1. Which one of these does Ala362 not meet: (1) closer than 21 Å to Thr406 by Cα; (2) at pLDDT 85 or above; (3) open to solvent by less than 20 Å² (accessible area, probe 1.4 Å)?
2. Could you list, ordered by first residue, the pairs with Cβ atoms under 8 Å in which the first is in segment 166-195 and under 17 Å from Phe146 (Cβ atoms) and the second is in a strand (DSSP E or B) and at pLDDT 85 or above, at least 6 apart or interchain?
3. Tell me yes or no: at least one residue of segment 42-52 is touching a helix residue (DSSP H, G or I) at 6+ places or on another chain (Cβ under 6 Å), open to solvent by 90 Å² or more (accessible area, probe 1.4 Å) and modelled with pLDDT under 90.
4. Are any residues in segment 196-209 open to solvent by 10 Å² or more (accessible area, probe 1.4 Å) and either in contact (Cβ under 8 Å) with a residue 40 or more places away in the chain or more than 21 Å from the chain's Cα centre (by Cα) (or both), and if so, which ones?
5. For segment 124-140, indicate whether the set of residues that are out of contact with any Ser or Thr (no Cβ under 8 Å at 6 or more places or on another chain), in a helix (DSSP H, G or I), closer than 21 Å to Asn271 by Cβ and open to solvent by less than 40 Å² (accessible area, probe 1.4 Å) is non-empty.
6. Does Leu321 meet the test of being within 20 Å of Gln405 (Cα to Cα), modelled with pLDDT of 80 or more, part of a loop (DSSP other than H, G, I, E, B) and among the aliphatic types (A, V, I, L, M)?
7. Looking only at segment 174-206, which residues are farther than 13 Å from Trp250 by Cβ, modelled with pLDDT under 85 and out of contact with any helix residue (DSSP H, G or I) (no Cβ under 7 Å at 6 or more places or on another chain)?
8. If you take the residues in segment 81-117 that are over 26 Å from Met364 (Cα atoms) and either part of a loop (DSSP other than H, G, I, E, B) or of a type in the set (Lys, Arg) (or both), which one is most open to solvent (accessible area, probe 1.4 Å)?
Amino acid sequence: MKNRLETQKFLSEKREKRRLKNIAVERMRRKALAKHRDGLLLYLPQTLKILQRHIPKGVHPGKEKSETIKIPSTFSIVDNTENALRTIYQLVAFSSRRRPPREIYFDHSDLVNFDLAAEEILDIVALDFQRIRRWAKGGLQLSGKFPASILANRFIRAVGIIKNLELTPFYLRHEEEKSLKILRCLSYRALLRASEVSPIERAAQRLIDYFNECLETSGRQLTEYGRQKLGEYAGEVLDNAIEHSETQDWVLAGYLDLSTPERVCEISIFNFGKSYADTFSELPEDHFTRRVVDPFIEIHQKKGFFRQGWERDNLYTVAALQECISSKNENQSDNRGSGTVDLIQFFQEVYGEKRPQDGRRAKMVIISGKTYILFDGRYEMLPDSNDRQIIAFNSENTLELPPDQTYVKCLDGVEFPGTIVSIRFPLPRGATEGVGRRDER
């Protein structure tokens, strides 16, 4: 079996080759675009191309020159997944028209509950929409209404479309910004420069530094071992994002408002492209990973487990989280996989307890394709009879049985092409000890 150092070296070299290849492709694309840009819409950002293929039923493109996006009171990928995605797809539908609108009005007035992932995805779609209209010499005016909620208002002005459009008159005052900790790291298409450190390693380092800054507000800090582990897990999650992406693009973002009594840190990682299930389904039937996973598919089919709310794609997605189950594994000695679950277990350990008395604990949601998966410590990774770490989200902890539908479910009438990892982490209250010690693992 390959040791950890060999695996890390192999992955680092693989990332660097892929980075150099994509730099060359990006430069060629830019040259071609510059050569043929004569007012025709010759290039559509990949994000919109991908999302336009998945516009759900009931979301219509409209026909007015000025259209409104009504943001729901709970605009959250974690807490209101289907509604949040439908809101985003409404903007995508507007972009798909033969004659797109000239103005989009974002009405955030009712916004009370929110999360970073939903707002970041909406903003990326809006910016790409504006970009293609500019290339087509049509233009797109973006305007809107702020939330009545003070916390939501600060959030929109700090990391929402106000910030991303660089609408400086509406920025927060310097005194207000002092209470915020913000991270925003885009994929390496914005970092086309030579470096000994790969873009993923740079992003992982920025996440480590950001997370440490957040912990320091509560008198804590990561130990050296904790920094190493967080870097490894974040690197694997970002690496998976690229492998499943059609665009080679990903977003890593963080948000913490220190003015709130809860002090909940949010971290979001997402990409557009193939879901976990798409990647597994495209593997040849004789592929090593298919031979590991397909027997569970057959068991669920024979026992009639597949039903509304639990489908083959959902089982593929759960299987992708297990130790040593990865579309990149070719035999039993390959040890890819489980980085995403390792990441949430890390955050649970940093907090100090799996189930603290005040009910505050780290929570993570994964959205991939049609699958929603919730982690909150109720179900944990445990060794099976072959000493492989398994998290099946049922009391028997076996992939031979369906999961608890509270924790794993099939999205209703909507899907996300790609993967979203959204983490909410409550900062410790009054703690001063270091975290991430080797003996804690």
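The values are calculated or read from the model by the stated rules, or taken from the named source; none is laboratory data. No experiment lies behind these values; they were computed from the predicted model shown. Here the Cβ is made from the backbone with ideal geometry for all residues, glycine too, and neighbour counts use every protein chain on show. The accessibility values were calculated without ligands, DNA or RNA, using every heavy atom of the protein model including side chains. Shrake-Rupley method; radii C 1.70, N 1.55, O 1.52, S 1.80 Å.
1. (2)
2. Leu172/Leu180; Leu180/Tyr255; Leu180/Leu256; Leu180/Asp257
3. Yes, segment 42-52 contains a residue that is touching a helix residue (DSSP H, G or I) at 6+ places or on another chain (Cβ under 6 Å), open to solvent by 90 Å² or more (accessible area, probe 1.4 Å) and modelled with pLDDT under 90.
4. Glu196, Val197, Glu201, Arg206
5. Yes; the residues of segment 124-140 include at least one that is out of contact with any Ser or Thr (no Cβ under 8 Å at 6 or more places or on another chain), in a helix (DSSP H, G or I), closer than 21 Å to Asn271 by Cβ and open to solvent by less than 40 Å² (accessible area, probe 1.4 Å).
6. On the way: within 20 Å of Gln405 (Cα to Cα): yes; modelled with pLDDT of 80 or more: yes; part of a loop (DSSP other than H, G, I, E, B): yes; among the aliphatic types (A, V, I, L, M): yes.
When the stated conditions are applied, Leu321 passes them.
7. Residues satisfying the conditions are His174, Glu175, Arg193, Ala194, Ser195, Glu196, Val197.
8. Among those that are over 26 Å from Met364 (Cα atoms) and either part of a loop (DSSP other than H, G, I, E, B) or of a type in the set (Lys, Arg) (or both), it is Arg98.
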